[in-house]
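Everything below concerns the one structure shown next.
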Amino acid sequence: MKKLLTFVIISLISIAIYSQDKGRGLIKPSKEDYDKSIQLKSSFIGDGEKLYARSKTEFGDPNAARFDLREINGVTKVKDQGSCGSCWAFTSLASIESSYKLLNNKELDLSEQQLVNCSPNNGCTGGWYFKVFEWLAYNDKGVNDELELPYHQNKSGCVIAPESDVKIANWGTLPHGSSIAEVKKSLVKHGAISAALFSRNTSFMNHDGTGVIEASNSEIIDHAVAIIGWDDTKGAWLIKNSWGTDWGDNGYGWLKYNSASLGYFAWADVFKEDSEKENKKSEEELFEVDFTRTLGSLQVYEELYIKVDDKEPEIFGMNKKKTRYHNSVYLPAGEHRIELISKSILSKDKKRSILFGYFNNNMKIEGDKTYKISYKSREGNSNIFYLELEEI
């Protein structure tokens, strides 16, 4: 009995000590705040939810028994929030950096300090990652690079990057009670998923990277992590923590499905960088079909999804004004089914909104073609327009 009591006391002391060293900082939103976030998301995407989902490609198979974003170059390095209660900032940027890396094949190290200083949260005393995604999506806010504004574990003066490579295209949440399968589908479409959990248990606190974390569920959530994979054999999610590389397996760990109150899943997508024109004219009997665009005065950026017949779609990014973009596909002669989906962010009075364009028709290709794309007519009172192609 004494040995058991001693073990319990030591365990409690170890949790207390570790709790003091490692920050958390997740503030669970009220039902009113949560519902407001869902409404804001809905008003941002408007009637384009289905078009947006259709224009997303998958980076993996949601039905696979195992998936790991690290294996497809979809995760940035593990970071350490220290004693500051800024887990919400770290998981926000883990999702954003993952999306950027998957889409642009480049790694960014963004500034959590900027979010601590400037976002509508409570700095080192806590916050919520939904608010970060809303703030960046709705407002003309850039994200600083870590070198420009290094992390120092305290809230300080707000400095906003005048320009940034990171542009939020959309963000979303999964409903309460979402199944394992639904989380997997989001993970392969959007990259790292931000999530909340209950961390104050020995299995999580003292995780050394071996085995699987299994913790009872609680009504309390106090910490945020990023989900970056799964393994059905283990029955667990692969998570990326923000407690440095000393925690778990170099900062990563396996968390049993339906454990530790894991929930409040959210994702954020970025826009694709400007696409370099790829010349495939050397291939025999292919014709260039060029869909040209120039950004309008209110447009911040635009992304064009082009799907031909049953081929894999191509995605082109357009981010500069006064630039004519040439978004070309190369096709053999004959009739082809061409589907175009444009996603365009507009900025007016320092507020952003999203506009969609759509075209789906057969086109006969007998030689090189160049088409100017324009938004023609609106679908009712929605934010969806039919695209017009004018041969030039």
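Looking at (1) over 14 Å from LYS240 (Cα atoms); (2) at pLDDT 95 or above, can you tell me which one GLN81 breaks?
The single condition GLN81 does not satisfy is (1).
When you go through VAL143, VAL132, VAL116 one by one, which is the residue that is at pLDDT below 95 and β-branched (Val, Ile, Thr)?
Going through VAL143, VAL132, VAL116 in turn, the sole match is VAL143.
Among the residues of region 235-260, count how many are buried (at least 20 other Cβ atoms within 10 Å of the Cβ), hydroxyl-bearing (Ser, Thr, Tyr) and more than 11 Å from VAL225 (Cβ to Cβ).
The number of residues fulfilling the criteria is 1.
Within region 297-344, take every residue that is out of contact with any Phe, Trp or Tyr (no Cβ under 6 Å at 6 or more places or on another chain) and aromatic (Phe, Trp, Tyr) and give me the one that is farthest from THR57 (Cα to Cα).
TYR325
Which strands (runs of 3 or more DSSP E) sit wholly inside region 191-266 and have at least 3 residues that are under 19 Å from GLY85 (Cβ atoms)?
193-197, 223-231
Which one of these does LEU174 not meet: (1) of a type outside the set (S, T, N, Q); (2) touching a strand residue (DSSP E or B) at 6+ places or on another chain (Cβ under 8 Å); (3) closer than 22 Å to VAL300 by Cβ?
Result: LEU174 passes all but (3).
Of the numbered conditions (1) touching a Leu at 6+ places or on another chain (Cβ under 9 Å); (2) modelled with pLDDT of 95 or more, ASN217 fails exactly one; give the number of that condition.
The single condition ASN217 does not satisfy is (2).
Just to be sure I understand the filter: pairs with C-beta atoms under 9 Å, separated by 6 or more residues or on different chains, first member in region 346-365 and assigned by TED's automatic domain parsing to the domain that holds GLN299 and touching a residue at least 24 places away in the same chain (Cβ under 8 Å), second member among the basic types (Lys, Arg) and surrounded by 16 or more Cβ atoms within 10 Å (Cβ to Cβ). Which pairs pass?
LEU346/ARG352; ILE354/LYS343; LEU355/LYS343; PHE356/LYS343; GLY357/LYS343; MET363/LYS369
Quick one: what pairs do we get from region 309-326, first residue assigned to a loop (DSSP other than H, G, I, E, B), second β-branched (Val, Ile, Thr) and surrounded by fewer than 19 Cβ atoms within 10 Å (Cβ to Cβ), C-beta under 7 Å, 6+ apart or different chains?
PRO313/THR57; THR323/THR294
Pick from region 346-390 the residues that are at pLDDT below 95 and out of contact with any Phe, Trp or Tyr (no Cβ under 8 Å at 6 or more places or on another chain): which of them is nearest to HIS326 (Cα to Cα)?
LEU346
The values are calculated or read from the model by the stated rules, or taken from the named source; none is laboratory data. Quick caveat: nothing in here was measured; it's all calculated off a predicted structure. Every residue, glycine as well, gets a Cβ built from its backbone with ideal geometry; the counts of neighbours run over all protein chains shown.
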